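Have a look at the structure below, then the notes.
What follows is calculated from the coordinates using simple rules that are stated; it is not laboratory data. Being a predicted model, the structure only gives us computed values, none of them experimental. Don't worry about glycine lacking a Cβ; one is built from the backbone with ideal geometry, like all the others, and counts go over all protein chains shown.
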Amino acid sequence: MGLLTGKTALITGGSRGIGEALVKAMAAEGADVAFTYHSSEESAMRVVKEASVGGQKIKAYKSDAADYAQAEQLIKDVTSEFDSLDILINNAGITKDNLMLRMGEDQWDQVIEVNLKSVFNLTKHAMRPMLKQRSGSIINMSSVVGVFGNAGQANYAASKAGIIGFSKSIAKEVGSRGIRCNAVAPGFIETDMTHALTEEQQKAYVNSIPLKRLGSGKDIADACIFLGSDMSTYVTGQVLSVCGGLNT
Ligand code: NAP
């Protein structure tokens, strides 16, 4: 369709799951795409190959989103390789679930660093080229769990709620410079992250979803295409729940 023709998107965690769907959907809409992975090199190379079919430039970078210096280097590399940086999707994320009484300090720290500090790291360094261009769309992957909490996920919910406050603040800070910042809050999406749930748990979740199904990566990618494209030039500081009505 070409909603993103002429734009460059940078997506963290594009080697699997929602990130993989984002890379492919954005490329199919005409964007050049840079994406990162942490350890799944083989899968990242497969995504490059599969997303490159339309002639767009697709490149994978090994980069730890939780590492400030690596994020700085990544933005340097991407802006020297690609013509512009129009869309940043902070998608990389992990879970380390445990009840509070059993949650170790390392489980707290890792989730906050990968899920929340990464959003600061990438946004901080993407800001300069976007300010220069006087345009940009930053999309941060939150979760419905960041809105209504979840037992056994205090670390994850805190990281995802933090992303919402961060996104609204950035929207207010740089809106006058043509940069938009929104959060997407997926519900239960079929990826490696939710495959950890038992069949019983999945059934219980599906029962509580008004649309009676788990979401797909494409469901999230469609929302991100809207937020990354010129279809949403008057939308900033918002949390778009893509959850089959779960958050209702
Ligand atoms: P996933 O299938 O587990 O994939 C996670 C992706 O993040 C992988 O590409 C992984 O790279 C990358 N990653 C992990 N740690 C990283 C790091 N330190 N630096 C760079 N990349 C890193 O997860 P998903 O389900 O697609 O979730 C994607 C995002 O959506 C996450 O932020 C998640 O919290 C959010 N979300 C998911 C759901 C859901 O139901 N699935 C619901 C709400 C929100 P490697 O492959 O190299 O490890």
Would you please name the trypsin sites (Lys or Arg not before Pro) within the range 19-118 that are DSSP coil residues with at most 13 other C-beta atoms within 10 Å of their C-beta?
R102
Given +1 on the Cβ of Lys and Arg, -1 on the Cβ of Asp and Glu, and no further charges, what dipole in debye does the chain carry about its Cα centre, rounded to the nearest 20?
640 debye
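Mind running the shape call on the chain? Use the C-alpha gyration tensor, a ≥ b ≥ c as the square roots of the eigenvalues: rounded below 1.5 for a/c, prolate if a/b tops b/c, oblate otherwise. The partial results should precede the final answer.
Values: a/c = 1.45, a/b = 1.38, b/c = 1.05.
Here the chain falls in the rounded category.
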How high is the relative contact order of the chain, in percent, counting Cα pairs under 8 Å that sit 6 or more residues apart?
20 percent
Just how far, in whole angstrom, is the range 96-143 from the range 156-221 if you go by their alpha carbon centroids?
13 Å
Could you check which residue among T194, T236, T12 shows the biggest mean-square fluctuation in a GNM of the chain with a 10 Å Cα cutoff?
T194
Placed amide H near I138: partners under 5 Å, 5+ positions off or other chain:
L88, R180, C181, N182
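Can you compute the charge dipole magnitude of the range 55-119 about its Cα centre, using +1 on each Lys and Arg Cβ and -1 on each Asp and Glu Cβ, nothing else charged? Give it in debye, rounded to the nearest 20.
Result for the range 55-119 is approximately 180 debye, rounded to the nearest 20.
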Which of the aspartates and glutamates could a cross-linker span from K49 if the Cα-Cα distance has to be under 15 Å and same-chain partners fewer than 8 positions apart are dropped?
E20, D32, E41
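For the cross-link pairs K24/K59; K7/K168; K76/K132; K7/K57, which exceed 18 Å when the distance is taken from alpha carbon to alpha carbon? Spell out each step's value before the answer.
Values: K24/K59 12 Å; K7/K168 23 Å; K76/K132 14 Å; K7/K57 11 Å.
Check vs 18 Å cut-off fails for K7/K168.
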Amide H proximity to I189 below 5 Å, modelled H, separation 5+ or other chain, gives G215
What is the angle, in °, between the Cα long axis of helix 41-51 and the longest principal axis of the Cα atoms in the chain? Nearest 10 is fine, range 0 to 90.
60 degrees
